[in-house]
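Here's the structure we're looking at; comments come further down.
The values are calculated or read from the model by the stated rules, or taken from the named source; none is laboratory data. Just so it is clear, the structure is predicted and the values come from calculations on it, not from any experiment. Cβ placement follows ideal geometry from the backbone for every residue including glycine, while neighbour counts extend to all protein chains displayed. Surface areas here come from the heavy atoms of the whole protein model, side chains and all, with no ligands, DNA or RNA. Shrake-Rupley method; radii C 1.70, N 1.55, O 1.52, S 1.80 Å.
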Amino acid sequence: MIMNGDDEDAALKDKAHILIEAVIKDAKEHLRELREKEREAEYVIQNIQWTLCKDFTVERGQQQIEEYVATWEFHDSWLHWSDYLQEEELKYSKRYHYRVRWSIPTCRKPIPRTTACVYFIIEISKIKPPDIN
């Protein structure tokens, strides 16, 4: 059977249409499977070995916050730094306030316009035995 140009174009379009539908169907199925796996996946929150009350210092608290943040998943472009903010004296404990500030500096904008902050409070008991976390 000999086809003219219009018939060949129509046949090619039909084959392309069938192929595209199959690819879209497979992509949708793949995305559905990924969503299902994501729902089933359990995110495990990492932790660190926190220092004992008796060994706590402001500097050690800041180091431990850095250790803890290092367990988080984040893109390499995010940079962060931590600051000690203040000590808060309470009746039975002391609270040490820290801030971890995040940003994405670039060569074009080394001083970012936007930052994100996460605040931490480490509370050290005055009445708990000093060798307990």
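For the stretch 1-102, GluC sites (Glu not before Pro) meeting the loop criterion (DSSP other than H, G, I, E, B) and having at most 13 other Cβ atoms within 10 Å: Glu42, Glu73.
Take every pair of alpha-carbon atoms less than 8 Å apart whose residues are at least six positions apart; their mean separation over the length of the stretch 56-106 yields a relative contact order of 35 percent.
The trypsin sites (Lys or Arg not before Pro) of the stretch 85-118 that meet both conditions, a loop assignment by DSSP and at most 12 other Cβ atoms within 10 Å of the site Cβ, are Lys91, Arg108, Arg113. Among the chymotrypsin sites (Phe, Trp or Tyr not before Pro) within the stretch 1-74, those in coil by DSSP and having at most 13 neighbouring Cβ atoms inside 10 Å are Tyr43, Trp72, Phe74. Figure note: His80, His17 ranked by solvent-accessible area, largest first, 1.4 Å probe, ligands and nucleic acids not counted: His17, His80. Of the listed residues Leu19, Leu90, the order by accessible area with a 1.4 Å probe, largest first, is Leu19, Leu90.
Mean separation of Cα pairs under 8 Å and 6 or more residues apart, divided by the residue count, gives the chain a relative contact order of 20 percent. Of the residues His30, His97, His75, ranked by 1.4 Å probe accessible area with the largest first, the sequence reads His75, His30, His97.
For the pair Gln49 and Ile18, label points projected 7 Å from Cα toward Cβ lie 6.5 nm apart. Every helix of 4 or more DSSP H residues in the chain counts as -39500 (n - 2.57), and over all residues that averages to -12500 deg cm²/dmol at 222 nm.
Placing a pseudo-label 7 Å from each Cα along the Cα-to-Cβ vector at Asp9 and Glu67 gives an inter-label distance of 7.2 nm. Sort the chain into rounded, prolate or oblate with this rule: let a ≥ b ≥ c be the square roots of the eigenvalues of the Cα gyration tensor; rounded if a/c is under 1.5, and if a/c is not under 1.5, prolate when a/b is larger than b/c, oblate otherwise. Because a/c hits 1.5 or more and a/b exceeds b/c, the chain counts as prolate.
Residues with beta-carbon under 12 Å from that of Ser103, excluding Ser103: net charge, scoring Lys, Arg +1 and Asp, Glu -1?
On the way: positive: Arg101, Lys109, Arg113; negative: none.
Taking every Cβ under 12 Å from that of Ser103, the sum is +3.
Among the lysines of the chain, pairs at least eight places apart or on separate chains and with Cα atoms under 17 Å apart come to 9.
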